[in-house]
1. Would you check if S32 is free of Cβ contacts under 8 Å to residues at least 60 places away in the same chain, hydroxyl-bearing (S, T, Y), more than 27 Å from Y145 (Cα to Cα) and not assigned by TED's automatic domain parsing to the domain that holds C136?
2. Looking at E70, E153, can you tell me which residue is modelled with pLDDT under 95 and surrounded by fewer than 17 Cβ atoms within 10 Å (Cβ to Cβ)?
3. Can you find a residue that is under 21 Å from L8 (Cβ atoms), small (G, A, S) and under 18 Å from the mean Cα position of the chain (by Cα) anywhere in segment 113-130?
4. Examine segment 11-19 for a residue that is modelled with pLDDT under 95, among the small types (G, A, S) and surrounded by 13 or more Cβ atoms within 10 Å (Cβ to Cβ), and state whether such a residue exists.
5. Identify all residues within segment 79-137 that are assigned to a loop (DSSP other than H, G, I, E, B), of a type in the set (D, E) and in contact with a helix residue (DSSP H, G or I) (Cβ under 9 Å, 6 or more places away or on another chain); write none if there are none.
Amino acid sequence: MWQHNFNLEEKIVDILEVGYPDLIITDGIEMSFGGNQLTQHGIHLGIIIMAKNPVAHDAVCAHILNLIPEKITYLRIAQERGYGSLDLKDIDISGDISLKDLQEKTRDFDLGYMNVKDVKCGFHILCGEPYCTGGCHGVFLDWLYMVKDRKPELWKKLPEWTVVIGKYTG
């Protein structure tokens, strides 16, 4: 747990130092987004992605979701460290559905960042810094979405509590 909320992007890339995969397979037949991954309904995307390079894999996945790989911190760091290119010209893409067709399927997805303090509920949420998307703050956001999705009646009755997450000044 030492520094569990710091340098997450660097830590993701560090994993490649000790366990560089030579085959990555992603099931994208059904996918979900928004809310919590445990509670969202599936959307038919209809793909299976296979790659020999994890950076190329994630860069193509970013493009499928109409994201810019260079703006995804861990991908930019991985490219800077020489683990692979983010440029589609350097990546061989083949299959029975085009990248353009996949991007069309996902073009209306709202993949925007949501800060847990912006969730409209009975809680007044105070966020400490640094904001930890994959840990403290992100887990609480997931919990809120699980309550909203699985227990809608409870969601409507959440008490007016103040919740402090992380080291907060104020």
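1. Numbers: free of Cβ contacts under 8 Å to residues at least 60 places away in the same chain: yes; hydroxyl-bearing (S, T, Y): yes; more than 27 Å from Y145 (Cα to Cα): no; not assigned by TED's automatic domain parsing to the domain that holds C136: yes.
Against the criterion (free of Cβ contacts under 8 Å to residues at least 60 places away in the same chain, hydroxyl-bearing (S, T, Y), more than 27 Å from Y145 (Cα to Cα) and not assigned by TED's automatic domain parsing to the domain that holds C136), S32 does not qualify.
2. Details: E70 fails: modelled with pLDDT under 95.
Within the list E70, E153, the selection yields E153.
3. No, segment 113-130 contains no residue that is under 21 Å from L8 (Cβ atoms), small (G, A, S) and under 18 Å from the mean Cα position of the chain (by Cα).
4. No, that holds for no residue.
5. So the first thing to find is which residues in segment 79-137 are assigned to a loop (DSSP other than H, G, I, E, B), and the list is 81-87, 91-98, 107-115, 119-123, 128-135.
If we keep only those that are of a type in the set (D, E) as well, we get 87, 92, 96, 108, 110, 129.
Residues satisfying the conditions are D87, D92.
The values are calculated or read from the model by the stated rules, or taken from the named source; none is laboratory data. As the structure is a prediction and not an experimental result, all values here were calculated from the model. Here the Cβ is made from the backbone with ideal geometry for all residues, glycine too, and neighbour counts use every protein chain on show.
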